[in-house]
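Visitor: Below is one structure. I have some questions about it.
The values are calculated or read from the model by the stated rules, or taken from the named source; none is laboratory data. Only a predicted model underlies this, so the values are computations on that prediction, with no experimental measurement involved. Don't worry about glycine lacking a Cβ; one is built from the backbone with ideal geometry, like all the others, and counts go over all protein chains shown.
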Amino acid sequence: MKGLLLMISFLWLDTPPAGAQNIARYVSNARSINALGDLAAPYFKTHPYNKSFSVFLQDVLNDPDLQKKVVNRRTDSTFFFVSGTYQRYNPFVYRPTSVRLAIAESEFTDSDTSCYRDTVVYCQLLVTADSTEKARQFVQKEYSRLLRKASRFFTHKSYTMSRANRVAEGEVTDSFISPFAVSPLTIGWGREAATRAYIFSVTLLLKVNGNWAEMVTLPQEPIRAGE
């Protein structure tokens, strides 16, 4: 269960590259970015798929509704991190206990290519409800709703379930878009260990190149995002 909770909580070129295979990947990446924007828009107050990344960050940092901000600027030895709790923003019909946002740079290492490292960005919306059955129904419903929407755009997925006394206590789905090997979207629900409160999370994984969001690609996937 601890591992599951950790999973939950936590450039566009002017012209495509030459070559039929690269052009196909270029188009796939552009469509993937558009699809991710469509999925993120109903949940994230602002998202990085329809604007430059610097504008996206300014939207977050200057949002007066985002309270309890923690901002760690990037240095030579540390990555950028920002988090906060929305005071009024709530994209759900149900009113949860809190709606939190976190944006974090991190080092990404390909498990199949240990020598490959890159810097990626995680954007996570973490929604905390209470410990009631109504809250459980809410997080499960939102998880299933987004999963259904994502199924229209994603080609395959990986799934993890946590159980306690044969009852589901959490689920996490990583969604993938062919031909990319790294999942750009993780959806999950579960329970906080200390409070037993139900949580629902949407996590975006992206790479910033030339101030624009793009898919995270492995060395064998030479691709830049495109319009």
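Visitor: Tally up the residues in the range 59-74 that are under 13 Å from T46 (Cα atoms) and out of contact with any Phe, Trp or Tyr (no Cβ under 7 Å at 6 or more places or on another chain), please. Quick ask: steps written out before the conclusion?
Guide: First, the residues of the range 59-74 that are under 13 Å from T46 (Cα atoms): 59-63, 65-66.
Now restrict to residues that are out of contact with any Phe, Trp or Tyr (no Cβ under 7 Å at 6 or more places or on another chain): 59-63.
The number of residues fulfilling the criteria is 5.
Visitor: Of the residues L204, L147, only one is in contact with a Cys (Cβ under 7 Å, 6 or more places away or on another chain) and either outside any loop (DSSP other than H, G, I, E, B) or among the hydroxyl-bearing types (S, T, Y) (or both); which?
Guide: Result: L204 is the single residue among L204, L147 that is in contact with a Cys (Cβ under 7 Å, 6 or more places away or on another chain) and either outside any loop (DSSP other than H, G, I, E, B) or among the hydroxyl-bearing types (S, T, Y) (or both).
Visitor: Which residue pairs have Cβ atoms under 6 Å apart, sit 6 or more places apart or on different chains, and have a first residue in the range 186-209 that is closer than 20 Å to D174 by Cβ and among the hydroxyl-bearing types (S, T, Y) and a second that is at pLDDT below 95 and buried (at least 23 other Cβ atoms within 10 Å of the Cβ)?
Guide: Note: pairs meeting the criteria are S201/I8.
Visitor: For residues that are over 30 Å from Q137 (Cβ atoms) and surrounded by 11 or more Cβ atoms within 10 Å (Cβ to Cβ), scanning just the range 74-98, find the one that is modelled with the lowest pLDDT. Before the answer, list the steps.
Guide: Kept after step one, since they are over 30 Å from Q137 (Cβ atoms), are these residues of the range 74-98: 74-82.
The next check asks that each one be surrounded by 11 or more Cβ atoms within 10 Å (Cβ to Cβ); those that pass are 74, 79-82.
Working: R74: 89, F79: 95, F80: 95, F81: 97, V82: 97.
Filtering first and then ranking leaves R74.
Visitor: Report whether or not V71 is loosely packed, with under 14 Cβ neighbours inside 10 Å, modelled with pLDDT of 95 or more and of a type in the set (A, V, I, L, M).
Guide: Details: loosely packed, with under 14 Cβ neighbours inside 10 Å: yes; modelled with pLDDT of 95 or more: yes; of a type in the set (A, V, I, L, M): yes.
The answer is yes for V71.
Visitor: Can I ask one more? Just to verify a result, which residue in the range 123-176, among those that are among the hydrophobic types (A, V, I, L, M, F, W, C) and surrounded by fewer than 13 Cβ atoms within 10 Å (Cβ to Cβ), is nearest to N34 (Cα to Cα)?
Guide: Residues of the range 123-176 among the hydrophobic types (A, V, I, L, M, F, W, C): 123, 125-127, 129, 135, 138-139, 146-147, 150, 153-154, 161, 164, 167-168, 172, 176.
From what is left, the residues that are surrounded by fewer than 13 Cβ atoms within 10 Å (Cβ to Cβ) are 161, 164, 167.
Numbers: M161: 29, A164: 38, V167: 37 Å.
If we take residues in the range 123-176 being among the hydrophobic types (A, V, I, L, M, F, W, C) and surrounded by fewer than 13 Cβ atoms within 10 Å (Cβ to Cβ), then M161 is nearest to N34 (Cα to Cα).
Visitor: Restricting to the range 1-58, count the residues that are more than 15 Å from the chain's Cα centre (by Cα), surrounded by fewer than 15 Cβ atoms within 10 Å (Cβ to Cβ) and modelled with pLDDT of 90 or more.
Guide: Going through the range 1-58 one residue at a time, the tally reaches 3.
Visitor: Going through V121, V139, V127 one at a time, which residue ends up being among the hydrophobic types (A, V, I, L, M, F, W, C), under 19 Å from the mean Cα position of the chain (by Cα) and closer than 18 Å to P184 by Cβ?
Guide: Working: V139 fails: closer than 18 Å to P184 by Cβ; V127 fails: closer than 18 Å to P184 by Cβ.
Answer to the check: V121.
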